[in-house]
1. Counting each DSSP H run of 4 or more residues in the chain as -39500 (n - 2.57), what helix-only mean residue ellipticity at 222 nm follows after dividing by all residues, to the nearest 500 deg cm²/dmol?
2. Checking a compactness column here: for the stretch 39-135, what do you get for Rg(Cα) / (2.2 N^0.38 Å), N being the number of residues?
3. Heavy atoms of the protein only, probe of 1.4 Å, neighbouring chains included. What is the accessible area of LEU38 in Å², nearest 10?
4. From the Cα gyration tensor of the stretch 1-80, with a ≥ b ≥ c the square roots of its eigenvalues, which class applies: rounded if a/c is under 1.5, or else prolate if a/b is larger than b/c, or else oblate?
5. Residues with amide H under 5 Å of LEU58's amide H, sequence separation 5 or more or different chain, H placed in the peptide plane at 1.01 Å from N; which?
6. So what is the accessible area of the chain per residue, in Å², with the probe set to 1.4 Å?
7. Ordering TYR131, TYR80 by how much accessible area each has at a 1.4 Å probe, largest first, what is the list?
8. Over the stretch 25-125, what percent of the accessible surface lies on carbon and sulfur atoms, probe 1.4 Å?
Amino acid sequence: MNIGEKFYCSRCLAELQDECVCTKCGYDSRAPSDESALEEGTLLDRMRFQVGAVRRKLKGGYVYGAFDYISQKPVYIFEYFPTCGLRRDIESGSCVIVPKSHKSEFEEGMKKLSARLSPHHKVFSENNTLYVFRK
């Protein structure tokens, strides 16, 4: 991830000398990516965050490396994307499409997630799902 004059690993957020395979986590930006994940470079929260690579795929969603343009530092963002047949809108590549048969389960999961978070977390809604990051 090239931000200003610095390079960061898109997955682990380590600062790099240049765009290369990360010596810390081994991430190679040329490797195939998860087709269900957000595309690297996606902007979220009114262009506050630039999303990098998937750090981890969890049962409830994705953890991405990202750059926060307000705090001017790398952060991790969690995207609620549970394994219940979700897909992304082809046109935007970002918007989550929830099958009708899982809509209530999906919405209940978002409520539970929001209720479990501490005051140290910030939640925002975008692309028909929730995103969480630590303040």
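The values are calculated or read from the model by the stated rules, or taken from the named source; none is laboratory data. Worth saying up front: this structure is predicted, and the values here are computed from it rather than measured. Cβ placement follows ideal geometry from the backbone for every residue including glycine, while neighbour counts extend to all protein chains displayed. Protein only, heavy atoms only, side chains kept; ligands, DNA and RNA dropped before computing areas. Shrake-Rupley method; radii C 1.70, N 1.55, O 1.52, S 1.80 Å.
1. Working: 1 runs with 14 residues, N = 135.
Using -39500 (n - 2.57) per qualifying helix, the result is -3500 deg cm²/dmol.
2. Values: Rg = 13.1 Å, N = 97, 2.2 N^0.38 = 12.5 Å.
Ratio of Cα Rg to 2.2 N^0.38 Å: 1.04.
3. Counting only protein heavy atoms, LEU38 exposes about 10 Å² to solvent.
4. Numbers: a/c = 1.78, a/b = 1.10, b/c = 1.62.
Oblate, since a/c reaches 1.5 and b/c is not below a/b.
5. Amide H to amide H, under 5 Å and 5 or more residues apart or across chains, LEU58 pairs with VAL63.
6. Numbers: 8320 Å² over 135 residues.
Using a 1.4 Å probe on heavy atoms only, each residue of the chain averages 62 Å².
7. Details: TYR131 0, TYR80 20 Å².
From most accessible down to least: TYR80, TYR131.
8. Values: 3240 of 6220 Å².
Reported share for carbon and sulfur atoms: 52 percent.
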